[in-house]
Each structure stands twice: as C-alpha cells, then as structure tokens.
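Student: Quick one: the structure is below, questions incoming.
A short reminder: the numbers here are calculations on the coordinates, not readings from a lab. This structure is a prediction, so every number in the text was calculated from the model and none was measured. In this analysis, Cβ positions are derived from the backbone assuming ideal geometry, glycine residues included, and neighbour counts consider all displayed protein chains.
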Amino acid sequence: MNGIETTGNGEKAMSTPKCLEESRTRLVVPIVDFNRCEGKDACVAVCPYNVFEVRKIDNSDYRKLSFVGKIKSHVHGGMVAYTPHADQCRACGLCVKACPERAIKLVKV
C-alpha cells in the first residue's frame, strides 16, 4: 500500500499515511549530526510527534565534535537538536526536509 487508494469511481482517496504503516513493522529513528546541526529549531517546528528538542550541547557530545564542528557550535551558541522522544518517530521525513543544514537522517534500527 502506498498511502493512496482509489475509490470505486477512480478517484483517489487517502488511507493511512505510508510513514505510519512502515513504522509499525520496523523502528526508524532520527539521527542528528551535531557537527552539522546549528540548533535552528526547524525540526522542532515541523515534527508532529514531538521527537525533537533544541538545547545546549552536552559536554560529552561537544568533546566528540570535529574542530570545525566546535567552531560552528560556538558561533551558534552551542545549541543543537536532541531526540529525547525518538521512539515516537513515524519516519514521515518532515524533519529531514526542514533541516537547512541537512543534519538529520532517518535510520532503521
């Protein structure tokens, strides 16, 4: 099923969104690349499942950043997106499309 069904008269009718169907059979979680993330909140704004929060980067995550990532972090106030509710993700992809830094990937686990 692709999320669209046809009715008896050939018109297209929406069914369960494809992202919701797929997430029932396997777990997909968003992974944020902190070297790219600038904490701009686009993911928080578009996510209908409240998966994301933007906050100050943890010291342990900051130490893992590349040299360029550390500079970028300072420039942007050390804010990054975390996924405290990754288990609520339904793999709709809105966050991936919204992220201006292309810092989010959806990964099957």
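Student: Taking VAL44, is it of a type in the set (A, V, I, L, M) and under 19 Å from LYS105 (Cα atoms)? I'd like the intermediate steps shown before the answer.
Tutor: On the way: of a type in the set (A, V, I, L, M): yes; under 19 Å from LYS105 (Cα atoms): yes.
Considered against the rule, which asks whether it is of a type in the set (A, V, I, L, M) and under 19 Å from LYS105 (Cα atoms), VAL44 comes out as yes.
Student: Would you mention how many residues in region 44-74 are closer than 18 Å to CYS99 by Cα and of a type in the set (A, V, I, L, M)?
Tutor: Number of matching residues: 6.
Student: So which pairs qualify, if the first residue must be in region 91-109 and touching a residue at least 60 places away in the same chain (Cβ under 8 Å) and within 14 Å of LEU27 (Cα to Cα), the second must be among the hydroxyl-bearing types (Ser, Thr, Tyr) and surrounded by 13 or more Cβ atoms within 10 Å (Cβ to Cβ), the Cβ gap must be under 7 Å, and the two must be at least 6 apart or on different chains?
Tutor: ALA91/SER23
Student: Let me ask another. Please go through region 71-109 and pick out each residue that is surrounded by fewer than 18 Cβ atoms within 10 Å (Cβ to Cβ), under 9 Å from the mean Cα position of the chain (by Cα) and in a loop (DSSP other than H, G, I, E, B).
Tutor: GLY93 - this is the single residue of region 71-109 that is surrounded by fewer than 18 Cβ atoms within 10 Å (Cβ to Cβ), under 9 Å from the mean Cα position of the chain (by Cα) and in a loop (DSSP other than H, G, I, E, B).
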